[in-house]
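Notes follow the structure.
Computed from the coordinates by the stated procedures, all read-outs in this text should not be read as laboratory data. Keep in mind that what you see is a predicted model, and the values were worked out from it rather than measured. Counting neighbours? That spans all protein chains shown, and the Cβs are built from the backbone with ideal geometry, glycine included.
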Amino acid sequence: MKSHSGLEEVFRQTGFADFKWINADQIVVAQWVRFKCTFGCSSYGRNASCPPNVPEVAVCREFFGGYRTAVLFRIHEQLDDPESRGQWSAKVNSRLLEVERSVFLAGYHKAFQTFMDECQLCKECTAERTTCLRPSESRPGPESLGVDVFATVRSAGYPIEVLTDSLQAMNRYAILLVE
């Protein structure tokens with residue numbers, strides 16, 4: 001895959017040194033992921049960038065199909081206090097927005113960044129896209145768009161495991177679509 005060394009420097013300067021370029025067709029989109037959001041996530045219906053406030057899985061699949069190139073960012077999380085996860089996620093997601101903006105300004109007009117988790121930019125979410133307080137900054141996480149993160153990152157050679165304890169170190173992943 002063609003290297004984009006200027007972009008890679010932006011990634012590193014923003015604190016994302018662990019990344020891999022992939023073909024966008026390696027992003028696995030599956031309906032079962034949306035069912036896990038709907039019937040297993042406590043944030044369902046409570047976040048403006050999560051289901052049911054995002055497009056249907058078929059539309060998400062078509063969206064990813066409009067790209068040839070993507071970047072997987074691996075974000076390693078080791079928190080001593082799981083209660084601080086929201087604040088940590090908001091900071092990471094803000095830095096991911098900086099990456100998207102820099103890539104856009106470098107001439108990649110279709111640049112689109114997913115967060116590595118639900119949005120969490122605001123302390124309290126309005127829970128509706130139409131009333132989102134930061135609509136130009138809010139982004140969905142990969143799972144919100146139906147991405148099978150396990151299959152996608154494993155095909156790229158990254159580690160991912162089911163965790164059984166909230167204090168276990170976690171590998172989180174964000175996707176940057178570049179075109």
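Going toward the positive end of the dipole of the chain, with +1 on Lys and Arg Cβ and -1 on Asp and Glu Cβ, which of Met116, Ser49, Ile27 do you reach last?
Value: Ile27.
Under a 10 Å cutoff between Cα atoms, tell me which one of Arg154, Arg129, Arg139 has the largest fluctuation in the Gaussian network model of the chain.
Arg154
With the alpha-carbon atoms as the only input, what is the per residue convex hull volume for the chain in Å³?
Residue-normalised Cα hull volume stands at 114 Å³.
Sum up the lysine pairs in the chain that clear both bars: alpha-carbon distance under 19 Å and a spacing of 8 or more or different chains.
Value for the chain: 4.
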